[in-house]
Amino acid sequence: MKIKKKIFDDVIVFEQKIHSDNRGYFFEMSKSSILKEAGIFETFHQTNVSFSSVQNTLRGLHTQVGDYAQAKLLSVVTGSILDVIVNIDRTSKHFGHWGAVQLEANGPKSIYIPPHYLHGFATLESCSTVIYQCSAEYSPEHEKTVHFADPQLQIEWGLDQDEFVLSDKDKKGISFEQFVADILS
C-alpha cells in the first residue's frame, strides 16, 4: 500500500500491491502504519458495504456534520466507480471545489476522505461493491445531502442527470448554496 496521489492536499489515493497465485489474489485494504505515515490518525468506528446492482447508480452527495462528521477510507471490491468529493471547509482555498477519481476492483486503490468533504459516487458498471470505513457512526440527524447536479458545483459525472439511478433522498438533495447558508454559517 502506497500513496498514489493527493487531491486538494488532504484527500489521499492509495494503491495496493496485489499478491496473486493460482488461488486468486490478496491485498491489504488498509494498514495503520501506512495511514499514520500519511498523517491519518482516525479511528474507524463503522464499516459499510454498498452494493449497486445496476450501472449508473449514483449515491450522494452526503456528509455528516458536527460531532458526527465522518472521515472515510473507501475501496471498490467488485466493479468500478467514479468517486467524487467536494471540499466544504470554509477556511480552505479549495472550498466548494470538487475532485474525482476512478476506482476499480481490478486495479485496487483506496481513497481517504477527511471529514470536511461531501462525498458521492457513480457506478461505472453493474454489480459494483464498495466497502468503506467511517470515523463516526451513522447518525441520520446529522446527515446532510446536497444535490449531485447542483449547478454551482458543476460536477462532471459523465452522464445527464436523468440517466442515473437515484434514491428518493438523493433526488431531494438541497442546493450547495442552501447547505452553506444553513449548515456552515
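Give the label of the value calculated from the structure for Cα extents along the principal axes in Å, choosing from (1) 54, 36, 28; (2) 55, 50, 34; (3) 63, 31, 31. Read-out from the structure maps to (1).
Within the shell of other residues whose beta carbon sits under 15 angstrom from the beta carbon of residue 17, the net charge comes to +1, with Lys and Arg scored +1 and Asp and Glu -1. The charge dipole of the chain, taken about the Cα centre with unit charges on the Cβ atoms of Lys, Arg (+1) and Asp, Glu (-1), comes to about 580 debye, rounded to the nearest 20. Among 29, 1, sorting on how many other beta-carbon atoms sit within 10 Å of each Cβ, with the fewest leading, yields 29, 1. Within the set of other residues whose C-beta is less than 14 Å from the C-beta of residue 102, count the net charge using Lys and Arg as +1 and Asp and Glu as -1. Surrounding charge for residue 102 is -2. Taking Cα pairs under 8 Å and at least six residues apart, what relative contact order does segment 2-182 come out at, in percent? After rounding, I find 29 percent. Cβ-to-Cβ counts within 10 Å put 174, 18, 88 in ascending order as 18, 174, 88, the fewest first. Relative contact order for segment 38-106: 26 percent, from Cα pairs under 8 Å spaced at least 6 residues apart, divided by residue count.
Only aspartates and glutamates eight or more places from residue 5 in sequence, or on another chain, were considered; those with a Cα closer than 15 Å are 15, 37, 83.
How high is the FRET efficiency between residue 47 and residue 26 when r is their beta carbon distance and R₀ equals 22 Å, given to the nearest 0.05? Efficiency, from the Cβ-Cβ distance: 0.75.
Ordering of 93-100, 155-162, 129-136, 58-65 by packing is 58-65, 129-136, 93-100, 155-162, highest average first (other Cβ atoms within 10 Å, averaged per residue). Residues in segment 126-136 carry Karplus couplings, in order, of 5, 6, 9, 10, 10, 10, 9, 9, 10, 7, 9 Hz; the curve used is 6.51 cos²θ - 1.76 cosθ + 1.60 with θ = phi - 60°, and Gly or Pro positions show x. Between segment 132-147 and segment 9-24, the C-alpha centres lie 26 angstrom from each other.
None of the figures in this text is laboratory data; all of them are computed from the coordinates on show. The structure displayed is predicted, hence computed values, not measured ones. Virtual Cβ from ideal backbone geometry, glycine too; neighbours counted across all protein chains shown.
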